[in-house]
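Heads up, the thing below is written out as structure tokens.
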Amino acid sequence: MILTFKQKMMSFAGKYEVYDEEGQVAYRIQGRVSIPKRYDIYDAQGENIAALKSKFFDFMPQFRLFVNGQEVGKVKKKFTFLTQKFEVDCNAWKIDGNIIGWNYSIVDANNALVASMERKMWHMTDQYVLDIVDPKDALLVLMIVLAIDAEKEGH
């Protein structure tokens with residue numbers, strides 16, 4: 001399953017649309033100007049199905065992932081020098097690859113590919129292509145990529 005994740009132009013709080021392979025909107029994401037940071041994810045019909053919430057007053061930045069109001073995982077920036085690394089506490093997944101270069105994969109505990117993410121260059125706004133192995137993982141993969149993007153961009 002391929003999803004194209006596009007940031008909307010002139011969005012102060014972070015507004016995104018996510019398109020499926022046919023070019024139809026699959027998800028909409030709306031950031032809120034708040035402390036702590038929050039992003040709400042809506043399905044194609046406009047129903048709020050998930051949210052990311054930053055943890056306030058934590059040593060390293062962290063986003064908690066919620067689906068239908070239930071916490072399902074976390075994405076936390078790790079303390080490192082000269083590189084950026086993130087730890088995923090969700091389904092025993094981990095990030096593998098070049099986060100600084102915006103090209104990385106999400107793999108499971110057996111190092112099997114869950115999804116790969118590639119940043120498309122030369123666009124007016126951030127644009128990513130997510131190649132997701134199992135469509136049932138699409139929402140969680142999207143949430144992880146959003147958390148990393150939000151932290152790296154300082155949204």
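Our estimate of slack between K152 and Q127, defined as 0.36 nm per intervening residue step minus the Cα-Cα distance, is 7.6 nm. In order along the range 142-150, phi translates into HN-Hα couplings of 4, 5, 5, 4, 4, 4, 5, 4, 4 Hz, rounded to whole numbers, per the Karplus curve 6.51 cos²θ - 1.76 cosθ + 1.60 with θ = phi - 60° and x for Gly and Pro.
Tell me, what is the FRET efficiency for D89 and V67 to the nearest 0.05, using R0 = 22 angstrom and their Cβ-Cβ distance as r? Using R0 = 22 Å, I get an efficiency of 0.95.
FYI, it's all coordinate maths here, none of it is from the lab. Being a predicted model, the structure only gives us computed values, none of them experimental. Cβ: placed from backbone, ideal geometry, glycine included. Neighbour counts: every protein chain shown.
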